[in-house]
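Every number in this text was worked out from the coordinates using simple rules, so none of it is lab data. These figures come from a predicted structure and were not determined experimentally. Note that each Cβ is placed from the backbone with ideal geometry, even for glycine, and that neighbours are counted across all protein chains shown.
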Amino acid sequence: MSPLDPSEPVVLLAPRLLDGTGAAPVDDAAVWFDGARIAWVGPASDLPHEAHGLATAELPGCTLLPGLVDVHVHLVASAGPDLAGDVPRTESERTLAAVANAHRHLRAGVTLVRDLGATGGEAIAVGRAVEAGAIEGPRVIAAGPAVTMTGGHIPYLGRVADGPEQLRAAVRANFGMGAVCIKVVATGGVLTKGLDPRLASYTQPELDALVDEAHRLGLRVAAHAIGEAGVTAALRAGADSIEHGMFLDEENIELFLETGARYSATFAAREWIMRGETVPAWAKERARPAAEAHVPSFQAAVKAGVRIVAGTDAGTPCNHHGRVAHEVVSLVEAGLDVLAGVRAATAEAADLLGEPDRGVLRAGAAADVLAVEGDVAADVTALTRPTAVFQSGRRVR
Ligand SMILES: [Zn+2]
């Protein structure tokens, strides 16, 4: 990362601030940076004396928030109409696509993403390059290839493995590539022709082995699961998050509450399959029953108190990178409280990703700050209007 420019602001002032935890908004707020960390956050009238006279940026009409977090992206995929056909053939092209898509997230104020499935080590490499300051992008928590069964969903973004021993080996292979989390494909998927999206793809002993091995190595597990049986098996195995979860039953919701696992509904993936003009008719047809069950499943989960995180599945058909703010708008439209919606894309999400010093505005946290035009607490769509983005205390937009 280039050294901090002395003319860059270190104190931000705005009429509203949300700290990401779900706490009430702060009016006439200030954030003070000390290098790449936050030194102080609070009402501007209480700003410590040492910060007076430092370079200041006033952001009239804006809300300050933590940089946003998207817990489910595919950096190698660029939202073409046919996921399987549109992922580039060569590793070099996929890596270049991942670099460009990472940049799209950062421009939109997304400073942390979890990549849940690449053909190989592309997203891991992008994450390392960001870390080294070689390229601009959000911090990337990458799973490497998703673990999927023979005949299962997204083999072109995955590693095929069957049986408990192969599942352990697949976790180790990803760990060896530098993966810092694990994605398992626990059911069929809408975008894999000829495969029932609700079918549970792995047996309980297989998922138990995968999660046990991942946790033993310190890697958290995200499970793609659409049907009830797959959600149950993944939660019983100890998965840390369920992705999609379009058909949730009472047992699923009880297991979420029992285990503390997070629910990432990825409304954007389903919405764009249904709305995208270039998405093939067979994919829309297959998505319809899941689409109808999706909002009621989400509402039941919210009502029960399941921990919600925001993920977009960016890269899937017509689902462009850098749009987690729109996912929050969808979550709120489906019934989530605005402050809980913001928390789902900030503190709750960062905590799931093992990054508790991100996704929150407080002293000591990373100086990743987003300013958006408008009052988010009063109008959640303000989140989709970024005006300034700071990463590690440096203005990147
Ligand atoms: Zn996905």
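Taken about its Cα centre, the chain carries a charge dipole of roughly 760 debye when the Cβ of each Lys and Arg holds +1 and the Cβ of each Asp and Glu holds -1.
With a simple spin-label model that places each label point 7 Å from the Cα along the Cα-to-Cβ direction, the separation between Ala363 and Leu54 comes to 1.2 nm. Between Asp46 and Arg275, the contour length at 0.36 nm per residue exceeds the Cα-Cα span by 77.6 nm. Taking 0.36 nm per residue of separation and subtracting the current Cα-Cα distance, fully stretching the chain between Asp27 and Glu292 would add 91.4 nm. When Ile135, Ile141 are arranged by Cβ crowding within 10 Å, least crowded first, meaning fewest neighbours, the order is Ile135, Ile141. Here each label is just a point 7 Å from Cα along the line to Cβ, and for Leu217 and Ile135 those points are 2.3 nm apart. Near Gly152: Cβ cut-off under 15 Å, other residues only, Lys/Arg at +1 and Asp/Glu at -1. The net charge is 0.
Extension gain for the segment Thr150 to Ala36, taken as residue separation times 0.36 nm less the Cα-Cα distance, is 36.5 nm to one decimal.
In terms of other Cβ atoms within 10 Å, Arg307, Arg286, Arg275 run from fewest to most in the order Arg275, Arg307, Arg286.
In angstrom, the C-alpha Rg and Dmax of segment 179-335 are 14.8, 44.
Counting only Cα atoms, I'd like the Rg/Rh figure for segment 1-100, Kirkwood definition for Rh.
Ratio of gyration radius to Kirkwood radius: 1.18.
Looking at the chain, the pairs of alpha carbons with a distance over 38 Å make up 16% of the total.
Relative to the dominant Cα principal axis of the chain, helix 163-177 is inclined by about 30°.
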